[in-house]
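Here's the structure, in C-alpha cells; my notes come after.
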Amino acid sequence: MCSVAETLSHGLVLDAPGDPLAAARVRGVAARERLIEKAGGMLRIGEVAEMLGVSRAAIHARRTRGTLLAVPLPSGEEVYPGCQFTGEGVPRRLAPFLAAFCEAGPWTKLSVLLAPSRLHDGRSALDLLGAGEVDAAVAIAARYGEHLG
C-alpha cells in the first residue's frame, strides 16, 4: 500500500519562490492527506489486481466502467482508495454510487463517499453501502452539487 507521504510527494512542488498560491497548495495537500488517511490508504493497480486475483487490465476495465474508484496522483498514476474493498478483497457496491454523480472528479467522489451525512445520522455513503443501503448512498451522490445550481 502506498504511504501517504509517498502518494502526495509524486510530482508536487509546494514552495516555489514568489508563488501567490503556495499557501493554498499546502492547504490542498493537507486536505488530500487527511482524505487518504480516512480512505484507508491507497493501493497501486498491481496490488488491487493481486488482491482480487485478476489482471491489471481487468482492474483498468473496472475503473473505466465505473465499478472501481481510482484517484490520480500529481504524477499521473491512478491509485485505488483502500476503503472500497472488504476484508475478503471484494469491492463494495460502488457502481450505482459513482454513476449517480452528474459531474464530479474522482477526489470529489471519494470525499463525498467518506463524508458523514446529517440525513443518515452521521453515517457516510460508504457506511450505507456496507450496510446494503445502496439507494440511500446513491441519493447522497445524486444530491451532490444541488446547492450550487
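A compact table of results
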{"quantity": "Tabulated pairs, the stretch 34-58, first among the charged types (D, E, K, R), second in a helix (DSSP H, G or I) and at pLDDT below 95, C-beta under 9 angstrom, 6+ apart or interchain", "calculated": "Glu37/Val4"}
{"quantity": "Scope the stretch 32-80; condition assigned to a helix (DSSP H, G or I), of a type in the set (Gly, Ala, Ser) and more than 21 Å from Ala99 (Cβ to Cβ); matching residues", "calculated": "Gly46, Ala49, Ala57"}
{"quantity": "Flag for Leu110 being in a helix (DSSP H, G or I), in contact with a Lys or Arg (Cβ under 6 Å, 6 or more places away or on another chain) and closer than 24 Å to Ile36 by Cβ", "calculated": "no"}
{"quantity": "Phe97 vs. criteria assigned to a helix (DSSP H, G or I) and surrounded by 14 or more Cβ atoms within 10 Å (Cβ to Cβ)", "calculated": "yes"}
{"quantity": "Out of Gly76, Gly46, Gly11, sole residue that is at pLDDT 95 or above and either polar (S, T, N, Q) or loosely packed, with under 14 Cβ neighbours inside 10 Å (or both)", "calculated": "Gly46"}
{"quantity": "Residue in the stretch 103-124 that is over 23 Å from Leu73 (Cα atoms) and in contact (Cβ under 8 Å) with a residue 24 or more places away in the chain present", "calculated": "no"}
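The values are calculated or read from the model by the stated rules, or taken from the named source; none is laboratory data. Just so you know, these numbers come straight off a predicted model, no measurement behind them. Cβ atoms come from the backbone with ideal geometry, glycine included; neighbour counts cover every protein chain shown.
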